[in-house]
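**Student:** Quick one: the structure is below, questions incoming.
FYI, it's all coordinate maths here, none of it is from the lab. If you're wondering where the values come from, they're calculated on a predicted model, not measured in any experiment. Cβ sites come from the backbone with ideal geometry, for glycine too, and all protein chains shown count toward neighbours.
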Amino acid sequence: MAQVRYRVTSDDAWFCQQAEGKRLMAVAQGVELLGGDATAAGDWQEVTLDGWIYGPSVGPSARAGFDIAVIRAPEENLRAAPSGAVIAKLPQGFGLSRVGDDGKWVHVRRSGWMPRASLEPVTPGGPAGVSDSGSAALDTATRLQPARRTVVYRAPDGPVAGTIAQSTPLRVLSRSGDWARVELQGWVKAGDLETAPAGVLVGVSAAEVRADPQRYVGQTLRWTLQYLSQAQADELRPEMPAGTTYLLTRGPLPERGFVYVVVPDAKKALVERLAPLTVIAVTANVRAGRSRYLGNPVVDLVSLEVGPTP
């Protein structure tokens, strides 16, 4: 028998060890899970959580029934895909079954129970946001479209990510005051996509790095920055040895914050002729997610390419 998929309809719905059992962690609204027996436990539904977790954050599990467990304290993100959207935060010690691997990412699963009131069944092959109940009220609340050409922001009052045309289908995932978090599905030409080199993360914002600094230390990122000036590290930059050459940059664009780019001796020739406000594309290793005094990311330059000055 084909298993039913369920979508979480409330914020921070609890994923429990057993029906009416211990709460393990919260699952984000809009996440889809695979369901078990639909009549097994009254007001509770057995579900399977499926996602990806960063490999160094898990280790062998001594608990029966689990291959691995979260070893990062106090928690680690479970994502819909490698470097994808966060669907849950798993606490240290959370047991998981390993499904597969993709580089530094591990595909994992875990079965548990959730209240039926926080779930809706998803129609097989149907459009996102439409449940088996066919509720017009639910569809109206979650399936919307912009009334005019609309600006999309990376976060409330945050940097602009782009614009969407009038009447573009959207699904509302959650709301916060005057803001709505939406999901957009569409198609792009494959030739317009840039493939990141192996081991390099793209699409990571400085805000994400600052929010979870230890998670990104040692990671290699691809960022577009605006060069402002060159300086020498002093006691106010304890993340860098005194006298180290670094670049003060703005970004990653279009973000408005600042990033310190440490320049090794072998790369100094690349930066000597940079003019202020030059846009540069850098590949860099994260030295510190937040500097001690100002909270700016500190990265070590690996490679640099000069782009057009705005």
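**Student:** Per-residue HN-Hα couplings for the range 205-220, Karplus 6.51 cos²θ - 1.76 cosθ + 1.60 at θ = phi - 60°, whole Hz, x for Gly and Pro?
**Tutor:** 8, 5, 4, 5, 5, 5, 6, 9, x, 5, 5, 9, 4, x, 7, 9
**Student:** At residue 48 and residue 202, where each label point lies 7 Å from the Cα along Cα→Cβ, what is the point-to-point distance in nanometres?
**Tutor:** 3.3 nm
**Student:** DSSP loop (so not H, G, I, E, B), at most 13 other Cβ within 10 Å: list which trypsin sites (Lys or Arg not before Pro) in the range 209-270 pass both filters.
**Tutor:** Loop-located and lightly packed - 256.
**Student:** How far, in nm, would the chain grow between residue 172 and residue 150 when pulled straight, counting 0.36 nm per residue and subtracting the alpha carbon separation? Show your work: numbers first, answer last.
**Tutor:** Values: separation 22, 0.36 × 22 = 7.92 nm, distance 1.47 nm.
Once the chain is fully extended between residue 172 and residue 150, it gains 6.5 nm.
**Student:** Compute the length gained on full extension between residue 22 and residue 165: take 0.36 nm times their separation in residues and subtract their Cα-Cα distance, giving the result in nm to one decimal.
**Tutor:** 46.9 nm
**Student:** Treating only the Cβ atoms of Lys and Arg (+1) and Asp and Glu (-1) as charged, compute the dipole magnitude of the range 5-120 about its Cα centre; round to the nearest 20 debye. Mind showing how you got there, number by number?
**Tutor:** On the way: 13 positive and 14 negative charges, 57 e Å.
The calculation lands at about 280 debye.
**Student:** Put one equal scatterer on each alpha carbon of the range 5-120, apply the Debye formula with no solvent term, and list log10 I(q)/I(0) at q = 0.09, 0.16, 0.17, 0.21 1/Å to two decimals.
**Tutor:** Per q value, in the given order, log10 I(q)/I(0) is -0.22, -0.69, -0.78, -1.17.
**Student:** Label points 7 Å out from Cα along the Cβ direction at residue 98 and residue 253: separation in nm?
**Tutor:** For residue 98 paired with residue 253, the spin-label model returns 4.2 nm.
**Student:** Within the P(r) computed for the range 224-264, what percentage of the Cα pairs occupies the region above 14 Å? The partial results should precede the final answer.
**Tutor:** Values: 353 of 820 pairs.
Of all Cα-Cα pairs in the range 224-264, 43 percent lie more than 14 Å apart.
**Student:** Let me ask something else about it. Report the per residue volume, in Å³, of the convex hull enclosing the C-alpha atoms of the range 200-306. List each step's numbers first, then the result.
**Tutor:** On the way: hull volume 9.6 nm³, N = 107.
It comes to 89 Å³ per residue, whole-number rounded.
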